[in-house]
Amino acid sequence: ELIDRCAEKGKAFIDMKPLAGGAIEDGRLALRYVLSNPAVTVSIPGMAAPEELEQNVAGSANTAPLTPEEKAACQKVRDTLGTQFCRRCNYCAPCTVGIQIPSCFLFHGYLERYGLAGWAHERYDTLTVKAGACIGCGKCETRCPYNLPIRDMLKKSGTGFRRINIIF
């Protein structure tokens, strides 16, 4: 809706975090999806390795329409992530009690979405302050540009890792 409104008013639309803070694995497809919208002026993906740069260039250079299979893959990503996921922008920081909010959500995503319980648990255990330490002040939510219910998400994350502690 916002993209269309920008186009109607002749304004540029800059897409940031097209890979959803690393939650979308196929960067090539994500960029193709975003850039297939003619109202998107530019997309700014993050990258940390030469391979990611190559993937981003390949995705942005391919201007062919998305195939039905690619559209289905995009829909699957949307269905999996939903609308309430952290893009790891870290605008929520600093947390009043020192929770590394994006890290909690990243590790919880690996626990829930990817079934990597051992990997996620090991990394979560390295956090000095766990998700369950949230005091519910809500300051993080006022800073989140995606209006995420961070307090509720931290509760879910903390519960997920407490549940997994029974196994490990």
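The values are calculated or read from the model by the stated rules, or taken from the named source; none is laboratory data. Predicted, not measured: the structure shown is a model, and the values here were computed from it. Here the Cβ is made from the backbone with ideal geometry for all residues, glycine too, and neighbour counts use every protein chain on show.
Remark: pairs (first residue in segment 19-37, touching a residue at least 60 places away in the same chain (Cβ under 8 Å); second residue surrounded by fewer than 16 Cβ atoms within 10 Å (Cβ to Cβ) and not aromatic (Phe, Trp, Tyr); Cβ separation under 6 Å; 6+ apart in sequence or on different chains) = 23/81.
With respect to (1) farther than 15 Å from residue 24 by Cβ; (2) within 19 Å of the chain's Cα centre (by Cα); (3) in the same structural domain as residue 37 (by TED's automatic domain parsing), the lone exception for residue 55 is condition (1). Exactly one residue among 53, 66 is assigned to a helix (DSSP H, G or I), out of contact with any Leu (no Cβ under 6 Å at 6 or more places or on another chain) and aliphatic (A, V, I, L, M), and that residue is 53.
Restricting attention to segment 121-158, the residues being free of Cβ contacts under 8 Å to residues at least 24 places away in the same chain and farther than 20 Å from residue 91 by Cα number 4. Counting only helices (runs of 4 or more DSSP H) that sit completely within segment 88-168, those holding 2 or more residues that are farther than 24 Å from residue 18 by Cβ correspond to 117-125, 139-143, 150-167. Of all the residues in segment 1-39, those that are assigned to a loop (DSSP other than H, G, I, E, B) and farther than 17 Å from residue 55 by Cβ number 9.
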